[in-house]
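Contents: one structure, followed by commentary.
The values are calculated or read from the model by the stated rules, or taken from the named source; none is laboratory data. This is a predicted model, so every value here is computed, not measured. Cβ placement follows ideal geometry from the backbone for every residue including glycine, while neighbour counts extend to all protein chains displayed.
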Amino acid sequence: MSEILFEASGLARQLGGRRVIDGLSLRLERGQGYVMLGDNGSGKTTLLRILAGLEAADAGVLRFQGEQTLLPRYPDAWRWRAVYVHQHPYLFNTSVTGNIAYGLKVRGERGEQWKRKVEEAIDWAGVREVIAVPPQKLSGGERQRVAMARAKVLSPQLLLLDEPTANLDADGRHRTIELLARLCAEGVTVLTACHDREIIELPEVRRFHLEGGKLAPLA
Amino acid sequence: MGLLEPTREAFALLLRGDAELLRIIWLSLWLSLAAIALISPPSIALGVLLAKRRFPGQRAMVVLVQALLSFPTVVIGLVIYLLLSRRGPLGTLELLFTPSAIVIGYMAIAFPILVVFTVSAVQGADARVYETARSLGASRAGAALTVLREVRFGIIAAVVNAFGRVISEVGCAIMVGGNIAGLTRNMPTAIALETSKGDFAQGIALGMVLMAVALGINIVMALLQGEGGLK
């Protein structure tokens, strides 16, 4: 059996009097890609944000590589292992390279190795042709790919993607799905919330359905 | 009395670099810059705190700082005068009627401008900035610095505004500085004094310098707004 990377149990989150997450449990294996489906408002984004420590849960336990935390406490050290990418990613008002390098700088990485990682991430995401374009002027697809490169460059153990193809044109969508498929093939543990049929049908992924505040596996 | 002759004299004073005039201009710039440099870091930090953190009394603090914005500067001068006067709690420091007293007054005037502008800029920042920084591994302080960097044009506008306000400030400067020639006389207090004496030339010359500073500040602001994508 594969190694369990991340586990959640008893997660609960109430928003506006409604139990969006209700005693939810989740188990993610290392190197496996997962897709989470669910209706609009079913709590997919809330769940991803809780797992990324961006939103507090009312109750629940998280385990990351065996290390346990009782929510709402979320260890800062986990933020170096799990990266969340917004549905509409925000790119900092610097350069494309500056954005991709942000997390590495936070981790104190400098020098040749740092440059090499950034260059590799630029090529991986196919954003070299827009490297001189101000981030605010990039298209939705280009922004999404820069945001994925910015996350990928950190070699996260867990990548949480929120509707990565939402509102993208055909080309942007196609290239984003390609990156996602490559991430799964490269053995990155990815949990993606989406409605996109092409992502759902990726052969490498396992599928969950979020309904009534709980997750159920899908065949 | 016509304005032509004193205006001509004012230009002459400026062109020949009148020593007294230059001293007053230099003192004004120096005191204003010193006050802004000293008060900006804590004010901006407080602005970020008030914008990002929720704690008991936070809303009341924001309202209080906003109220300070509309306080007459002469009242601020009066409070500082009472604090620094010989019988005041800080009288032993013997700062009254010194350049330091003016700097303290300027800091008090600039403080609410800097805090309120910072709160507004940080609250106006996209919530995803902080979240993205945190998710990429930044500490709370690091993420807050990233937010500041993203709203840097708003913060610089706050600093430029505060500088514009203090360099043209007269009420507080007269009360705590005493308008002493060669020591605490700055541009606005000198204009007030020379005009009351009927010596318009120096007043007009200093007025022109102040207007040039105001124009420069507005140009900087316009450029920043362009840079910040507010065109």
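Residue-by-condition table, conditions (1) more than 20 Å from residue B:34 (Cα to Cα); (2) in a loop (DSSP other than H, G, I, E, B):
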{"position": "B:95", "(1), (2)": "no, yes"}
{"position": "B:114", "(1), (2)": "no, no"}
{"position": "B:118", "(1), (2)": "no, no"}
{"position": "B:123", "(1), (2)": "yes, no"}
{"position": "B:129", "(1), (2)": "yes, no"}
{"position": "B:132", "(1), (2)": "yes, no"}
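Is it the case that some residue within the stretch B:39-58 is over 16 Å from residue B:175 (Cα atoms), surrounded by fewer than 14 Cβ atoms within 10 Å (Cβ to Cβ), among the hydrophobic types (A, V, I, L, M, F, W, C) and modelled with pLDDT under 95? Yes, the stretch B:39-58 contains a residue that is over 16 Å from residue B:175 (Cα atoms), surrounded by fewer than 14 Cβ atoms within 10 Å (Cβ to Cβ), among the hydrophobic types (A, V, I, L, M, F, W, C) and modelled with pLDDT under 95.
Count of the stretch A:204-213 residues, restricted to those that are over 15 Å from the mean Cα position of the chain (by Cα) and under 19 Å from residue A:175 (Cβ atoms), is 1.
Within the stretch A:191-209, residues that are farther than 19 Å from residue A:167 by Cα have Cβ atoms under 8 Å from residues that are at pLDDT 90 or above and among the aromatic types (Phe, Trp, Tyr) in these pairs: A:191/A:34; A:205/A:34; A:206/A:34; A:207/A:34; A:208/A:34, counting only partners at least 6 apart in sequence or on another chain. Scanning the stretch B:117-128 for residues that are crowded, with 21+ Cβ neighbours inside 10 Å and not small (Gly, Ala, Ser) yields B:117, B:118, B:119, B:122. Within 20 Å of residue A:156 (Cα to Cα), buried (at least 16 other Cβ atoms within 10 Å of the Cβ) and either free of Cβ contacts under 8 Å to residues at least 40 places away in the same chain or in contact with a Phe, Trp or Tyr (Cβ under 6 Å, 6 or more places away or on another chain) (or both): is that true of residue A:83 in this structure? Taking the combined requirement at face value, the residue does not satisfy it. Please determine whether any residue of the stretch A:118-129 is in contact with a helix residue (DSSP H, G or I) (Cβ under 6 Å, 6 or more places away or on another chain), within 11 Å of chain B (Cβ to nearest Cβ), of a type in the set (Gly, Ala, Ser) and farther than 24 Å from residue A:55 by Cβ. No, the stretch A:118-129 has no match at all. Restricting attention to the stretch A:17-48 and to residues that are within 14 Å of chain B (Cβ to nearest Cβ) and not aliphatic (A, V, I, L, M), the residue that is farthest from residue A:163 (Cα to Cα) turns out to be A:46. Whenever a residue of the stretch A:49-62 is away from chain B (no Cβ under 14 Å), its partners that are in a helix (DSSP H, G or I) and among the polar types (S, T, N, Q), lying with C-beta atoms within less than 9 angstrom and at least six residues away or across chains, give the pairs A:57/A:46. The set of residues from the stretch B:165-184 being touching an Asp or Glu at 6+ places or on another chain (Cβ under 9 Å) and surrounded by 24 or more Cβ atoms within 10 Å (Cβ to Cβ) is empty. The residue list B:120, B:100, B:135 contains one member that is polar (S, T, N, Q) and within 14 Å of chain A (Cβ to nearest Cβ), which is B:135. A search for C-beta distances below 7 Å between a residue of the stretch B:186-206 that is without any contact (Cβ under 8 Å) to a residue 40 or more places away in the chain and any residue that is outside any helix (DSSP H, G or I), counting only pairs 6+ apart in sequence or on different chains, returns B:189/B:170; B:189/B:179; B:192/B:170; B:193/B:179. Considering only the stretch A:75-98, how many residues are of a type in the set (D, E, K, R) and either facing chain B (nearest Cβ under 8 Å) or under 18 Å from residue A:166 (Cβ atoms) (or both)? Qualifying residue count for the region: 2. From the list A:166, A:181, A:149, A:185, the lone residue that is touching a residue at least 12 places away in the same chain (Cβ under 8 Å) and buried (at least 20 other Cβ atoms within 10 Å of the Cβ) is A:149.
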